[in-house]
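The values are calculated or read from the model by the stated rules, or taken from the named source; none is laboratory data. Here the structure is a predicted model, which means the values were calculated and not measured. As a convention, Cβ positions derive from the backbone with ideal geometry for all residues, glycine included, and neighbour counts pool all protein chains shown. SASA here: full protein model, heavy atoms, side chains in, ligands and nucleic acids out. Shrake-Rupley method; radii C 1.70, N 1.55, O 1.52, S 1.80 Å.
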Amino acid sequence: MTPVYPSPRTVSHLLYAVSLSSPLLSHLPSLFILAYLLPQTYQASLRINYALNIDCSRTYPDISTPSLVRALNICDIAFDALFDDTKHLVATGVHADIAHRKAIASSRDELSRVSDRAALRVSALTSWLKVPNPLSYGGQDDDSENRIYKLLLHAVSPDNDSIVNGLPNWHYFATSRHKFSESLFHMSAPFRPSPPKAPVLRNGSFLPVLKVAHRSLARLRNSPNKDEQQKFIVDVLSLSLRLLKISFFPAPKPKTGSAGAPNSKPIFNSWGHLGNADQTISSIGNPSSLAPRPAVPPEDVAFNNAIASDRNADWSANSLTLKKLISFLSKTSLPKDFSRPSLSNVHYVDATYDWVRLNYDGTKPLHHLALLVAIIVASSLLPNLFMPSQSKPLFLNANSPDDVRKVFDDMDWLSKPKKGMSDRAVFISMFTTFIIALYEHDSPLRRHMDSTPRHGLGDPWTAKHCQLFLPLSPFPSLLIFPFSSREGRHLHQPHPSWRRMG
């Protein structure tokens, strides 16, 4: 295989880094030549050293720690090289496959069919090569980059009949983000690295860049504890996969019917996804065996099956109904329409939403249940009655759960039709955040409660959330009272229960 040369984007990043720290800006044409002559490892060293020593303007959702931003920027550079290698692999493989099929065509009719299909494959390939992240699914709307997964599927599929099966070997090589990151860690280790395997091309640019990134991340987390250092690097790689929406990767040809080591070289028409849960084996069957409905295009069937089998794939909760919810029970990531409500300008309130987004783990039963309860409430139980605006004095003498419930029972509820009350996404976000933040000791909300004399939710949280949550009885009681009773203190202090209830 011929070496993979850096893309113009890679070179431009390099030149930008050099130009900001070097007086050679006036010699830009010479730098272009130099960039192509420099070994890829040195190019990566320049870019990554720049990322280590100069503040990066790129930001990441819910990430504010400077050292973590630098670490993610380093991974960004490394995965850019993976994208370039993968594009080269697929482009070379598709064109070679088309040429081979034309050469072995047994008749003019077959040659005509191959040629017609080849035109569609090349068109899809051309569009796929233009996307910045070729390993994401793309949007689920037709206008969203034409669905990146679909473009790749059309490019690698030799005929229309094979499209419905999706990308070849999709489940055979499925793994989790964490295991994939561990594999990258061991292949790029400075000492005794494991042999390169998919998605690494032996003569590509990704592995040299990944090795530089590995060393730089180790310097960033300069710890004498090697296990702690490895955990940091693997966790950063895994987080980068999530933030960059890297959902699948080129895989090798399956080893069948012969002894010996498994194949390790990635090929253009073998793929695996990163949607498995960590420390578990995916129990989802092969959806390609499901017969498509006649009215659904085969690429839609393949795309929907891929999304359904990938626990980490983007999904939306706003339009879900109880009947549709069963198809999304395996998801371990937050829905992409999980939006934060308007800012309160109070640190612990706003920080709680950021904390839950960043620390949500769908493999934890509590987190998963919180999201499911929020979806059920938002899809079926949106409120149409609300507490009166001057309800605070009603709770002054309510010092037990029974007292609080009696106040609710005797209260004159008000009807306040508001447009915002029909926005399911806000309810899903607020309910999920509230439940998880109450039970997780490290959340900003719980830290605030533990640091205050009365151990309550506080006026800012109460003012923002009470009018939303409390009308939906009995759900708040079911969720809050067990927590409070278990802690043994939150509902037994002589202070107004409205503050505790929030």
- Any idea how far apart N359 and H186 come out in nm if each label point goes 7 Å out from Cα toward Cβ? 3.1 nm
- So for F408, F328, F427, what's the accessible-area order with a 1.4 Å probe, most first? F328, F408, F427
- Item | Surrounding net charge for E110, when Lys and Arg each add one and Asp and Glu each subtract one, Cβ distance under 12 Å | +2
- Message: Could you tell me the calculated FRET efficiency between N222 and R454, based on Cβ-Cβ distance and R0 = 45 angstrom, to the nearest 0.05?
- Response: 0.60
- Which value, in debye to the nearest 20, gives the size of the charge dipole of the range 127-210 about its Cα centre, when Lys and Arg are +1 and Asp and Glu are -1 at the Cβ? 580 debye
- Net charge near S123: determine it from the other residues with C-beta under 13 Å of the C-beta of S123, scoring Lys and Arg +1 and Asp and Glu -1. +3
- Please calculate the 1.4 Å probe accessible area of T92, with all protein chains present, and give it to the nearest 10 Å². 80 Å²
- Which of K253/K364; K150/K265; K364/K392; K226/K364 exceed 32 Å between C-alpha atoms? The answer is K253/K364; K364/K392
- Note on the structure: The correct ranking of T126, T86 by accessible area at 1.4 Å, largest first, is T126, T86
- Task: With no solvent and one equal point scatterer per Cα, compute the Debye intensity ratio I(q)/I(0) for the range 229-272 at 0.21, 0.22, 0.24, 0.27 Å⁻¹ and report its log10, rounded to two decimals.
- Result: -0.79, -0.80, -0.83, -0.89
- Message: Tell me the carbon and sulfur percent of the accessible area for the range 90-203, rounded to whole percent, probe radius 1.4 Å.
- Response: 51 percent
- Task: Keeping all protein chains in position, work out how much accessible area M430 exposes to a 1.4 Å probe, and write it in Å² to the nearest 10.
- Result: 0 Å²
- Item | Cut-off 12 Å between beta-carbons: net charge of the residues surrounding Y172, Lys and Arg +1, Asp and Glu -1 | +2
- Query: Too long at a 21 Å Cα-Cα cut-off: which of K179/K331; K406/K464; K87/K130?
  - Reply: K406/K464
- Treating the Cα atoms of the range 53-195 as identical point scatterers in vacuum, please give the log10 of the normalised Debye intensity I(q)/I(0) at q = 0.14 Å⁻¹, two decimals. -0.86
- Message: I need the chymotrypsin sites (Phe, Trp or Tyr not before Pro) found in the range 162-194, filtered to DSSP loop residues with at most 15 other beta carbons within 10 Å of theirs.
- Response: Y172, F191
- Message: Please list R454, R311 from largest to smallest accessible area, probe radius 1.4 Å, with all protein chains kept in place.
- Response: R454, R311
- Query: Per-residue accessible area for D109 at 1.4 Å probe radius, Å² rounded to 10?
  - Reply: 110 Å²
- What length, rounded to one decimal in nm, is gained on full extension from K179 through to K102, with 0.36 nm per residue of separation minus their alpha-carbon distance? 23.8 nm
